[in-house]
Amino acid sequence: MLITDAMNKKLNEQIANELNASYHYLSMACRFDHMGLRIFAARFEQQSDEERGHALRILKYIQDVGGEVSLAALARPRDDYNSVLSIVQAALDSEMNVTRQINDLVALADQQNDYATRSFLQWFVDEQVEEVRSMTDLLQLVKMAGESSALLVEARLMKMMAAKKD
Ligand code: FEO
């Protein structure tokens, strides 16, 4: 095996962290749908899929380096949100939290002179910059528009989603 048991354990924990983030985004997407905000719901569903992709990326890496994948139980995601602002703020908090988790993994890789894992993690470091930026932008828009203008934010969000696909 190319990684230590400690690194294997931390990477397994990160699979669960990413899947919990995916589950949380799905729960937030359902709240948006319940509010009648279908574009917000679609954006958060898309983010949920991305987080699952992150988990699978780590899972595949553990297999590539001869480690053992061990899946943990997922936590019940929060679903008592009652405003657009509270959901987007929670999403940003979650991204900040994942950024800290990725940084901890990088620190462990550095400490162990584990260059393979350090290199693998760089994609996640860059991805977190993009995701924190994107959620910060959305939070700013929601704050500027106010809760009653969420539909206007949706129009902007639709353009942002189309631009991301191009
Ligand atoms: Fe996989 Fe948005 O962190």
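Just a few scattered comments:
- A Cβ distance below 6 Å, combined with a sequence gap of six or more or placement on separate chains, defines the contacts here; from segment 71-84, residues that are within 30 Å of residue 10 (Cα to Cα) reach residues that are open to solvent by less than 60 Å² (accessible area, probe 1.4 Å) in the pairs 72/16; 74/19; 74/20; 75/20; 77/24; 77/27; 79/27.
- Index of the failed condition, residue 121 passing every other in (1) within 20 Å of residue 21 (Cα to Cα); (2) in contact with a helix residue (DSSP H, G or I) (Cβ under 7 Å, 6 or more places away or on another chain); (3) away from the ligand (no atom under 13 Å from the Cβ); (4) free of Cβ contacts under 8 Å to residues at least 40 places away in the same chain: (3)
- Checked against the criterion of being out of contact with any Asp or Glu (no Cβ under 9 Å at 6 or more places or on another chain) and closer than 20 Å to residue 155 by Cα, the candidates 39, 87, 15 yield just one match: 87.
- When residue 42 is tested against (1) more than 16 Å from the ligand (Cβ to nearest atom); (2) open to solvent by 70 Å² or more (accessible area, probe 1.4 Å); (3) assigned to a helix (DSSP H, G or I), only condition (2) is not met.
- The set of residues in segment 22-36 that are within 15 Å of residue 84 (Cβ to Cβ) and open to solvent by 10 Å² or more (accessible area, probe 1.4 Å) comprises 27, 30, 31, 33, 34, 35, 36.
- When segment 53-110 is filtered for residues that are surrounded by 13 or more Cβ atoms within 10 Å (Cβ to Cβ), away from the ligand (no atom under 12 Å from the Cβ) and under 30 Å from residue 145 (Cα atoms), the ones remaining, listed by number, are 77, 78, 81, 83, 84, 85, 86, 87, 88, 89, 90.
- Residues satisfying the stated conditions in segment 8-18, i.e. closer than 20 Å to residue 97 by Cβ and open to solvent by less than 50 Å² (accessible area, probe 1.4 Å): 11, 12, 14, 15, 16, 17, 18
- Qualifying residue in segment 51-69 (condition: in contact with a helix residue (DSSP H, G or I) (Cβ under 6 Å, 6 or more places away or on another chain), part of a helix (DSSP H, G or I) and polar (S, T, N, Q)): no
- From the options 110, 137, 79, residue that is among the acidic types (Asp, Glu), in contact with a Lys or Arg (Cβ under 8 Å, 6 or more places away or on another chain) and over 21 Å from residue 4 (Cβ atoms): 79
The values are calculated or read from the model by the stated rules, or taken from the named source; none is laboratory data. Everything numeric in this text was worked out from a predicted model, so none of it was measured. With ideal geometry, Cβ positions are generated from the backbone for all residues, glycine too; neighbour counts draw on all protein chains shown. Surface accessibility is based on the protein's heavy atoms, side chains included, excluding ligands, DNA and RNA. Shrake-Rupley method; radii C 1.70, N 1.55, O 1.52, S 1.80 Å.
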